[in-house]
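Here the structure comes first, spelled out in C-alpha coordinates, and everything after it is commentary.
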Amino acid sequence: MGQLLFRCLTAVAAAVVVAACSSTAEKPQPAPLPTFTAQFQVQKVWSSKLGEVTTPLSAAVSGTRVAIASTAGELALIDAQSGTDVWRLNLKDRIQAGVGGDGQRFAVVTQNNELVTVESGREIWRQKLQAGTFTAPLVAGGRVFVLTADRTALAFDGASGQRLWAQQRNADPLVLRQSGVLAAWNDTLLAGFEGRLLGLNPLTGLPRWESVVGSSRGTNEVERLVDLVSGLNRQGNTVCARSFQTSVACIDASRGTVQWTRAAQGHTGLEGDEARVYGAESDSKVQAWNRQNGQPVWTQEALRFRGLGAPLVMGRALVLGDEAGLLHFLSREDGKVLQRLSTDGTTVAMRPVLAGQTLVIVNRSGQISGYRTE
(Lines give C-alpha, C1' and ligand atoms only; values in the text may rest on other atoms or scores of the structure.)
Protein backbone atom coordinates (compact mmCIF):
# COMPACT_ATOMS: atom_id res chain seq x y z
CA MET A 1 0.00 0.00 0.00
CA GLY A 2 3.04 2.26 0.06
CA GLN A 3 5.08 3.73 2.90
CA LEU A 4 2.60 6.50 3.68
CA LEU A 5 -0.38 4.31 4.58
CA PHE A 6 -1.04 5.58 8.09
CA ARG A 7 -4.75 6.31 7.73
CA CYS A 8 -7.26 4.63 10.05
CA LEU A 9 -9.43 1.85 8.71
CA THR A 10 -12.83 0.78 9.98
CA ALA A 11 -14.33 -2.70 10.02
CA VAL A 12 -18.12 -2.85 9.71
CA ALA A 13 -20.07 -5.93 10.80
CA ALA A 14 -23.86 -5.58 10.49
CA ALA A 15 -24.68 -2.28 12.21
CA VAL A 16 -21.64 -2.32 14.51
CA VAL A 17 -18.71 -0.07 13.67
CA VAL A 18 -15.33 -1.08 15.08
CA ALA A 19 -12.31 1.15 14.55
CA ALA A 20 -8.93 -0.43 13.85
CA CYS A 21 -5.90 1.69 12.98
CA SER A 22 -2.97 0.49 10.94
CA SER A 23 0.39 2.16 10.46
CA THR A 24 3.53 1.38 8.51
CA ALA A 25 7.16 2.42 8.71
CA GLU A 26 8.17 5.81 10.06
CA LYS A 27 7.23 8.64 7.75
CA PRO A 28 10.13 9.99 5.65
CA GLN A 29 11.43 13.49 6.32
CA PRO A 30 9.91 16.22 4.09
CA ALA A 31 11.96 17.57 1.24
CA PRO A 32 13.50 21.02 1.83
CA LEU A 33 11.13 23.76 0.80
CA PRO A 34 12.04 25.02 -2.67
CA THR A 35 13.04 28.64 -3.18
CA PHE A 36 10.73 30.68 -5.35
CA THR A 37 9.95 34.16 -6.61
CA ALA A 38 6.45 35.21 -5.59
CA GLN A 39 4.24 35.49 -8.67
CA PHE A 40 0.84 35.22 -7.02
CA GLN A 41 -0.17 37.88 -4.51
CA VAL A 42 -2.50 36.69 -1.74
CA GLN A 43 -3.55 38.62 1.35
CA LYS A 44 -5.26 37.45 4.54
CA VAL A 45 -8.40 39.55 5.02
CA TRP A 46 -10.08 38.01 8.07
CA SER A 47 -9.91 35.22 10.62
CA SER A 48 -12.40 33.48 12.88
CA LYS A 49 -12.33 30.64 15.38
CA LEU A 50 -14.24 27.40 15.80
CA GLY A 51 -13.42 24.28 17.83
CA GLU A 52 -10.72 21.76 16.95
CA VAL A 53 -11.17 19.62 13.83
CA THR A 54 -10.07 16.01 14.37
CA THR A 55 -12.69 14.08 12.35
CA PRO A 56 -13.08 13.97 8.53
CA LEU A 57 -15.06 17.20 8.15
CA SER A 58 -15.44 19.48 5.13
CA ALA A 59 -16.81 22.93 4.36
CA ALA A 60 -20.05 23.51 2.42
CA VAL A 61 -20.09 26.56 0.13
CA SER A 62 -23.17 28.38 -1.14
CA GLY A 63 -22.40 31.59 -2.98
CA THR A 64 -20.38 33.80 -0.66
CA ARG A 65 -21.30 31.84 2.45
CA VAL A 66 -19.51 28.81 3.90
CA ALA A 67 -20.72 26.36 6.56
CA ILE A 68 -18.07 24.80 8.81
CA ALA A 69 -18.25 22.45 11.80
CA SER A 70 -15.93 21.51 14.64
CA THR A 71 -15.57 17.99 15.98
CA ALA A 72 -16.92 19.09 19.37
CA GLY A 73 -20.28 19.99 17.81
CA GLU A 74 -20.18 23.65 16.85
CA LEU A 75 -21.68 24.54 13.47
CA ALA A 76 -21.32 27.99 11.89
CA LEU A 77 -22.48 29.67 8.69
CA ILE A 78 -19.97 32.40 7.83
CA ASP A 79 -20.17 35.30 5.39
CA ALA A 80 -16.90 34.86 3.49
CA GLN A 81 -16.89 38.49 2.39
CA SER A 82 -16.45 39.78 5.93
CA GLY A 83 -15.67 36.70 8.01
CA THR A 84 -18.66 37.36 10.30
CA ASP A 85 -21.14 34.74 11.45
CA VAL A 86 -24.54 34.56 9.80
CA TRP A 87 -25.41 32.18 12.63
CA ARG A 88 -23.67 29.77 14.98
CA LEU A 89 -25.13 26.73 16.74
CA ASN A 90 -23.78 24.29 19.33
CA LEU A 91 -25.34 20.88 18.70
CA LYS A 92 -23.93 19.51 21.98
CA ASP A 93 -22.95 16.31 20.12
CA ARG A 94 -19.56 15.44 18.69
CA ILE A 95 -19.64 15.52 14.89
CA GLN A 96 -18.24 12.66 12.85
CA ALA A 97 -19.07 13.78 9.28
CA GLY A 98 -20.19 16.98 7.54
CA VAL A 99 -20.97 19.62 6.55
CA GLY A 100 -23.36 19.18 3.65
CA GLY A 101 -25.64 22.04 2.62
CA ASP A 102 -27.59 23.75 -0.14
CA GLY A 103 -27.57 27.27 1.30
CA GLN A 104 -30.87 26.78 3.14
CA ARG A 105 -30.43 23.51 5.02
CA PHE A 106 -27.24 22.01 6.40
CA ALA A 107 -26.59 18.48 7.65
CA VAL A 108 -24.00 16.66 9.73
CA VAL A 109 -23.71 13.20 11.29
CA THR A 110 -22.81 12.85 14.96
CA GLN A 111 -20.55 10.24 16.53
CA ASN A 112 -23.76 8.70 17.94
CA ASN A 113 -24.78 7.95 14.34
CA GLU A 114 -27.48 10.62 14.22
CA LEU A 115 -28.16 12.60 11.06
CA VAL A 116 -28.90 16.18 12.14
CA THR A 117 -30.36 18.84 9.83
CA VAL A 118 -30.24 22.57 10.59
CA GLU A 119 -32.05 25.52 9.03
CA SER A 120 -31.65 29.23 9.89
CA GLY A 121 -29.35 28.36 12.77
CA ARG A 122 -31.69 25.92 14.52
CA GLU A 123 -32.01 22.15 14.46
CA ILE A 124 -35.14 21.04 12.58
CA TRP A 125 -34.83 17.24 12.81
CA ARG A 126 -32.53 14.33 13.50
CA GLN A 127 -32.67 10.66 12.52
CA LYS A 128 -30.80 7.68 13.95
CA LEU A 129 -28.71 5.80 11.38
CA GLN A 130 -28.07 2.06 11.52
CA ALA A 131 -24.34 2.58 10.92
CA GLY A 132 -21.86 5.38 11.23
CA THR A 133 -20.44 7.42 8.39
CA PHE A 134 -17.30 9.38 7.57
CA THR A 135 -18.82 11.04 4.48
CA ALA A 136 -20.49 14.45 4.59
CA PRO A 137 -24.23 14.31 3.82
CA LEU A 138 -25.37 15.73 0.49
CA VAL A 139 -28.23 18.25 0.63
CA ALA A 140 -29.84 18.72 -2.78
CA GLY A 141 -33.27 18.82 -4.41
CA GLY A 142 -35.10 19.15 -1.10
CA ARG A 143 -33.53 15.93 0.17
CA VAL A 144 -30.65 14.87 2.42
CA PHE A 145 -28.56 11.94 1.20
CA VAL A 146 -26.22 9.86 3.36
CA LEU A 147 -23.59 7.21 2.59
CA THR A 148 -22.92 5.03 5.64
CA ALA A 149 -19.93 2.86 6.47
CA ASP A 150 -21.89 -0.36 5.87
CA ARG A 151 -22.08 0.76 2.22
CA THR A 152 -25.67 1.95 2.25
CA ALA A 153 -26.94 5.08 0.49
CA LEU A 154 -30.05 6.64 2.04
CA ALA A 155 -32.36 9.53 1.19
CA PHE A 156 -34.42 11.61 3.65
CA ASP A 157 -36.99 14.33 3.09
CA GLY A 158 -35.21 17.61 3.83
CA ALA A 159 -38.15 19.23 5.61
CA SER A 160 -39.47 16.36 7.73
CA GLY A 161 -36.59 13.88 8.01
CA GLN A 162 -38.75 11.02 6.74
CA ARG A 163 -36.66 8.23 5.23
CA LEU A 164 -37.50 7.81 1.56
CA TRP A 165 -35.30 4.96 0.36
CA ALA A 166 -32.12 2.94 1.01
CA GLN A 167 -29.74 1.26 -1.43
CA GLN A 168 -27.21 -1.20 0.02
CA ARG A 169 -24.38 -3.07 -1.68
CA ASN A 170 -22.77 -6.21 -0.27
CA ALA A 171 -19.03 -5.75 -0.19
CA ASP A 172 -15.80 -6.11 1.76
CA PRO A 173 -16.46 -5.18 5.42
CA LEU A 174 -13.32 -3.03 5.68
CA VAL A 175 -13.82 0.64 4.81
CA LEU A 176 -11.72 3.79 4.95
CA ARG A 177 -12.03 6.01 7.99
CA GLN A 178 -12.24 9.08 5.75
CA SER A 179 -14.83 10.79 3.61
CA GLY A 180 -16.04 8.94 0.52
CA VAL A 181 -17.88 10.06 -2.61
CA LEU A 182 -21.44 11.41 -2.44
CA ALA A 183 -22.24 14.11 -4.98
CA ALA A 184 -24.73 15.27 -7.60
CA TRP A 185 -24.43 15.51 -11.37
CA ASN A 186 -27.49 17.01 -13.07
CA ASP A 187 -30.39 14.78 -11.94
CA THR A 188 -28.14 11.86 -10.94
CA LEU A 189 -26.85 11.01 -7.47
CA LEU A 190 -23.21 9.88 -7.55
CA ALA A 191 -22.10 7.48 -4.82
CA GLY A 192 -18.89 5.54 -4.28
CA PHE A 193 -19.18 1.86 -3.34
CA GLU A 194 -15.73 0.31 -2.91
CA GLY A 195 -13.86 1.08 -6.16
CA ARG A 196 -17.02 1.74 -8.14
CA LEU A 197 -18.89 4.94 -8.89
CA LEU A 198 -22.64 4.47 -9.17
CA GLY A 199 -25.11 6.82 -10.78
CA LEU A 200 -28.39 6.52 -8.84
CA ASN A 201 -31.88 7.87 -9.44
CA PRO A 202 -32.25 10.33 -6.52
CA LEU A 203 -36.02 9.75 -6.37
CA THR A 204 -35.85 5.97 -5.95
CA GLY A 205 -32.24 5.01 -5.25
CA LEU A 206 -32.21 2.62 -8.20
CA PRO A 207 -28.92 2.41 -10.17
CA ARG A 208 -28.73 4.02 -13.59
CA TRP A 209 -25.13 3.01 -14.30
CA GLU A 210 -22.01 1.68 -12.61
CA SER A 211 -18.36 2.36 -13.48
CA VAL A 212 -15.13 0.87 -12.14
CA VAL A 213 -12.54 3.42 -10.95
CA GLY A 214 -10.24 1.02 -9.08
CA SER A 215 -9.99 -2.78 -8.81
CA SER A 216 -8.70 -4.84 -5.87
CA ARG A 217 -5.35 -6.50 -6.56
CA GLY A 218 -3.83 -7.09 -3.11
CA THR A 219 -3.31 -10.29 -1.14
CA ASN A 220 -4.90 -9.13 2.14
CA GLU A 221 -7.88 -7.03 3.26
CA VAL A 222 -5.90 -3.79 3.60
CA GLU A 223 -4.21 -4.09 0.21
CA ARG A 224 -7.54 -4.90 -1.43
CA LEU A 225 -9.14 -1.70 -0.13
CA VAL A 226 -10.13 0.48 -3.10
CA ASP A 227 -12.79 2.81 -1.70
CA LEU A 228 -13.36 6.04 -3.61
CA VAL A 229 -12.23 9.10 -1.66
CA SER A 230 -13.97 12.45 -1.31
CA GLY A 231 -13.03 15.01 -3.91
CA LEU A 232 -14.92 14.34 -7.13
CA ASN A 233 -14.20 16.78 -9.95
CA ARG A 234 -16.93 17.62 -12.46
CA GLN A 235 -16.52 19.45 -15.77
CA GLY A 236 -19.39 19.24 -18.27
CA ASN A 237 -20.37 15.58 -18.68
CA THR A 238 -17.08 14.34 -17.23
CA VAL A 239 -16.54 13.39 -13.58
CA CYS A 240 -13.12 12.33 -12.31
CA ALA A 241 -12.50 10.35 -9.13
CA ARG A 242 -9.73 8.67 -7.16
CA SER A 243 -9.72 5.12 -5.83
CA PHE A 244 -7.68 4.86 -2.62
CA GLN A 245 -4.00 4.11 -3.38
CA THR A 246 -4.97 2.53 -6.70
CA SER A 247 -5.98 4.78 -9.58
CA VAL A 248 -7.66 7.90 -10.90
CA ALA A 249 -10.29 7.81 -13.64
CA CYS A 250 -12.58 10.06 -15.64
CA ILE A 251 -16.10 8.95 -16.51
CA ASP A 252 -18.76 10.20 -18.92
CA ALA A 253 -21.57 10.71 -16.39
CA SER A 254 -24.25 10.92 -19.08
CA ARG A 255 -23.66 7.25 -19.96
CA GLY A 256 -21.53 5.90 -17.10
CA THR A 257 -18.67 4.91 -19.39
CA VAL A 258 -15.03 5.13 -18.31
CA GLN A 259 -13.02 7.46 -20.55
CA TRP A 260 -9.61 6.62 -19.05
CA THR A 261 -7.92 5.18 -15.97
CA ARG A 262 -4.39 5.76 -14.67
CA ALA A 263 -2.52 4.06 -11.83
CA ALA A 264 -2.02 6.47 -8.92
CA GLN A 265 -0.93 6.07 -5.28
CA GLY A 266 -2.99 8.72 -3.51
CA HIS A 267 -5.57 8.99 -0.73
CA THR A 268 -6.98 12.51 -1.24
CA GLY A 269 -9.44 13.88 -3.77
CA LEU A 270 -9.02 15.49 -7.17
CA GLU A 271 -9.46 18.96 -8.65
CA GLY A 272 -9.61 19.98 -12.27
CA ASP A 273 -10.29 22.51 -15.00
CA GLU A 274 -11.26 22.26 -18.66
CA ALA A 275 -7.82 20.95 -19.67
CA ARG A 276 -6.40 19.01 -16.71
CA VAL A 277 -7.08 16.94 -13.60
CA TYR A 278 -4.89 17.53 -10.52
CA GLY A 279 -4.10 15.49 -7.43
CA ALA A 280 -1.52 14.87 -4.72
CA GLU A 281 -0.09 11.39 -4.27
CA SER A 282 0.42 9.92 -0.80
CA ASP A 283 4.09 10.96 -0.90
CA SER A 284 2.92 14.55 -1.70
CA LYS A 285 4.08 14.42 -5.28
CA VAL A 286 1.63 16.63 -7.20
CA GLN A 287 0.42 15.33 -10.55
CA ALA A 288 -1.47 16.85 -13.47
CA TRP A 289 -3.17 14.64 -16.06
CA ASN A 290 -4.65 15.55 -19.43
CA ARG A 291 -8.42 15.60 -18.93
CA GLN A 292 -9.17 14.09 -22.32
CA ASN A 293 -6.87 11.06 -22.30
CA GLY A 294 -5.24 10.82 -18.85
CA GLN A 295 -1.70 11.38 -20.10
CA PRO A 296 0.62 12.99 -17.49
CA VAL A 297 1.14 16.71 -18.18
CA TRP A 298 3.49 17.66 -15.34
CA THR A 299 4.77 16.41 -11.98
CA GLN A 300 5.92 18.53 -9.01
CA GLU A 301 8.16 16.60 -6.59
CA ALA A 302 9.54 19.50 -4.53
CA LEU A 303 6.88 19.11 -1.80
CA ARG A 304 7.30 15.39 -1.16
CA PHE A 305 6.40 13.99 2.27
CA ARG A 306 4.77 17.24 3.44
CA GLY A 307 1.35 15.67 3.95
CA LEU A 308 -0.48 17.57 1.22
CA GLY A 309 -4.27 17.55 1.17
CA ALA A 310 -6.63 17.77 -1.79
CA PRO A 311 -6.03 20.75 -4.14
CA LEU A 312 -8.23 23.67 -5.16
CA VAL A 313 -8.11 25.68 -8.40
CA MET A 314 -7.90 29.44 -7.69
CA GLY A 315 -7.29 31.58 -10.75
CA ARG A 316 -4.05 30.47 -12.39
CA ALA A 317 -2.94 28.68 -9.23
CA LEU A 318 -3.49 25.32 -7.61
CA VAL A 319 -3.76 25.66 -3.81
CA LEU A 320 -2.76 22.85 -1.43
CA GLY A 321 -2.51 22.85 2.36
CA ASP A 322 -0.06 20.67 4.28
CA GLU A 323 0.48 19.11 7.72
CA ALA A 324 2.66 22.02 8.88
CA GLY A 325 -0.06 24.59 8.16
CA LEU A 326 1.55 25.90 4.97
CA LEU A 327 -0.39 26.89 1.85
CA HIS A 328 1.35 26.11 -1.42
CA PHE A 329 0.28 27.90 -4.60
CA LEU A 330 1.44 26.07 -7.74
CA SER A 331 1.06 27.06 -11.37
CA ARG A 332 -1.72 25.14 -13.10
CA GLU A 333 0.33 25.35 -16.29
CA ASP A 334 3.55 23.65 -15.17
CA GLY A 335 3.43 23.04 -11.39
CA LYS A 336 6.02 25.68 -10.48
CA VAL A 337 5.74 27.34 -7.05
CA LEU A 338 4.05 30.75 -7.30
CA GLN A 339 3.59 31.56 -3.60
CA ARG A 340 3.76 30.06 -0.11
CA LEU A 341 1.95 31.25 3.01
CA SER A 342 1.98 30.13 6.64
CA THR A 343 -1.26 29.79 8.61
CA ASP A 344 -1.20 28.94 12.34
CA GLY A 345 1.27 26.05 12.29
CA THR A 346 -1.34 23.30 12.65
CA THR A 347 -2.45 20.96 9.87
CA VAL A 348 -4.75 22.36 7.20
CA ALA A 349 -7.67 20.16 8.21
CA MET A 350 -10.03 20.52 5.25
CA ARG A 351 -9.71 20.94 1.52
CA PRO A 352 -9.48 24.68 0.77
CA VAL A 353 -12.69 26.16 -0.65
CA LEU A 354 -13.52 29.26 -2.66
CA ALA A 355 -16.60 31.22 -1.49
CA GLY A 356 -17.16 34.03 -3.96
CA GLN A 357 -13.72 35.63 -4.32
CA THR A 358 -12.49 34.48 -0.91
CA LEU A 359 -10.23 31.50 -0.27
CA VAL A 360 -11.30 29.88 3.02
CA ILE A 361 -8.85 27.76 5.02
CA VAL A 362 -9.61 25.71 8.15
CA ASN A 363 -6.82 24.48 10.41
CA ARG A 364 -6.92 21.57 12.82
CA SER A 365 -6.84 24.08 15.70
CA GLY A 366 -10.18 25.49 14.53
CA GLN A 367 -8.75 28.68 13.06
CA ILE A 368 -10.70 29.81 9.98
CA SER A 369 -8.99 32.25 7.62
CA GLY A 370 -10.10 34.19 4.55
CA TYR A 371 -7.65 35.17 1.79
CA ARG A 372 -8.01 37.14 -1.43
CA THR A 373 -5.75 37.82 -4.38
CA GLU A 374 -4.73 41.43 -4.91
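The values are calculated or read from the model by the stated rules, or taken from the named source; none is laboratory data. What you see is a predicted model, and the numbers here were worked out from it, not measured in a lab. A quick note on method: Cβ atoms are made from the backbone with ideal geometry, for glycine too, and the neighbour counts reach across all protein chains shown.
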Notebook entry, point to check: Among (1) in contact with a Leu (Cβ under 7 Å, 6 or more places away or on another chain); (2) part of a loop (DSSP other than H, G, I, E, B); (3) among the hydroxyl-bearing types (S, T, Y), where does T346 come up short?
Noted result: (1)
Notebook entry, point to check: Of these, E194, E210, E223, which one is of a type in the set (D, E, K, R) and either crowded, with 19+ Cβ neighbours inside 10 Å or without any contact (Cβ under 8 Å) to a residue 12 or more places away in the chain (or both)?
Noted result: E194
Check: Filtering the range 356-366 down to residues that are surrounded by fewer than 21 Cβ atoms within 10 Å (Cβ to Cβ) and at negative phi, which residue is farthest from the chain's Cα centre (by Cα)?
Finding: Q357
Notebook entry, point to check: Just a yes or no: is a residue in the range 241-263 more than 20 Å from Q295 (Cβ to Cβ), of a type in the set (K, R), touching a Leu at 6+ places or on another chain (Cβ under 7 Å) and in contact (Cβ under 8 Å) with a residue 12 or more places away in the chain?
Noted result: no
Check: So which pairs qualify, if the first residue must be in the range 20-49 and surrounded by fewer than 14 Cβ atoms within 10 Å (Cβ to Cβ) and part of a loop (DSSP other than H, G, I, E, B), the second must be modelled with pLDDT of 80 or more and of a type outside the set (K, R), the Cβ gap must be under 6 Å, and the two must be at least 6 apart or on different chains?
Finding: P28/F305; P34/A302; P34/V337; A38/Q339; Q39/L338
Margin query: Just to be sure I understand the filter: pairs with C-beta atoms under 6 Å, separated by 6 or more residues or on different chains, first member in the range 98-124 and under 16 Å from L154 (Cβ atoms) and in contact (Cβ under 8 Å) with a residue 24 or more places away in the chain, second member part of a strand (DSSP E or B) and aromatic (F, W, Y). Which pairs pass?
Written below: T117/W125
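Which of the strands (runs of 3 or more DSSP E) contained wholly in the range 50-164 include at least 1 residues that are on the phi > 0 side of the Ramachandran plot and of a type in the set (S, T, Y)? Quick ask: steps written out before the conclusion?
On the way: elements: 60-62, 65-69, 74-79, 84-90, 95-101, 105-110, 114-119, 122-128, 138-140, 143-148, 152-157.
Where strands (runs of 3 or more DSSP E) fall fully within the range 50-164, none carries at least 1 residues being on the phi > 0 side of the Ramachandran plot and of a type in the set (S, T, Y).
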Note to self: Taking the condition of being over 10 Å from the mean Cα position of the chain (by Cα), crowded, with 19+ Cβ neighbours inside 10 Å and under 14 Å from Y278 (Cα atoms), how many residues in the range 226-237 meet it?
What the structure shows: 1
Next item on the list: Please go through the range 22-34 and pick out each residue that is modelled with pLDDT of 80 or more and over 17 Å from A324 (Cβ atoms).
Entry: none
Next item on the list: Assess whether A280 counts as being touching a strand residue (DSSP E or B) at 6+ places or on another chain (Cβ under 6 Å) and not basic (K, R).
Entry: yes
Next item on the list: Considering only the range 180-245, give the strands (runs of 3 or more DSSP E) lying wholly within it that have at least 3 residues that are touching a Gly at 6+ places or on another chain (Cβ under 7 Å) and at pLDDT 95 or above.
Entry: 188-193, 207-212, 238-243
Notebook entry, point to check: What about T257, is it under 23 Å from F193 (Cβ atoms), over 19 Å from the mean Cα position of the chain (by Cα) and not hydrophobic (A, V, I, L, M, F, W, C)?
Noted result: yes
Notebook entry, point to check: What is the residue count in the range 73-113 for residues that are under 22 Å from S47 (Cα atoms), of a type in the set (S, T, Y) and within 19 Å of the chain's Cα centre (by Cα)?
Noted result: 0
Item checked: Count - residues of the range 97-112 that are within 15 Å of S179 (Cα to Cα) and either of a type in the set (A, V, I, L, M) or surrounded by fewer than 24 Cβ atoms within 10 Å (Cβ to Cβ) (or both) -> 7
Check: Of all residues in the range 246-269, how many are among the acidic types (D, E) and either assigned to a loop (DSSP other than H, G, I, E, B) or touching a His at 6+ places or on another chain (Cβ under 7 Å) (or both)?
Finding: 0
Checklist line | Whichever residue in the range 115-171 is under 16 Å from L203 (Cα atoms) and among the β-branched types (V, I, T) and, among such residues, is surrounded by the fewest Cβ atoms within 10 Å (Cβ to Cβ) | finding: T152
Margin query: Just checking, does the range 278-286 include any residue being of a type in the set (V, I, T), in contact with a Gly (Cβ under 9 Å, 6 or more places away or on another chain) and not in a strand (DSSP E or B)?
Written below: no
Note to self: Looking at T268, T261 in this structure, which one is at pLDDT 95 or above and either in contact with a helix residue (DSSP H, G or I) (Cβ under 7 Å, 6 or more places away or on another chain) or more than 15 Å from R351 (Cβ to Cβ) (or both)?
What the structure shows: T261
Next item on the list: Within the range 76-88, identify whether any single residue is of a type in the set (A, V, I, L, M) and either at pLDDT below 95 or surrounded by fewer than 16 Cβ atoms within 10 Å (Cβ to Cβ) (or both), and answer yes or no.
Entry: yes
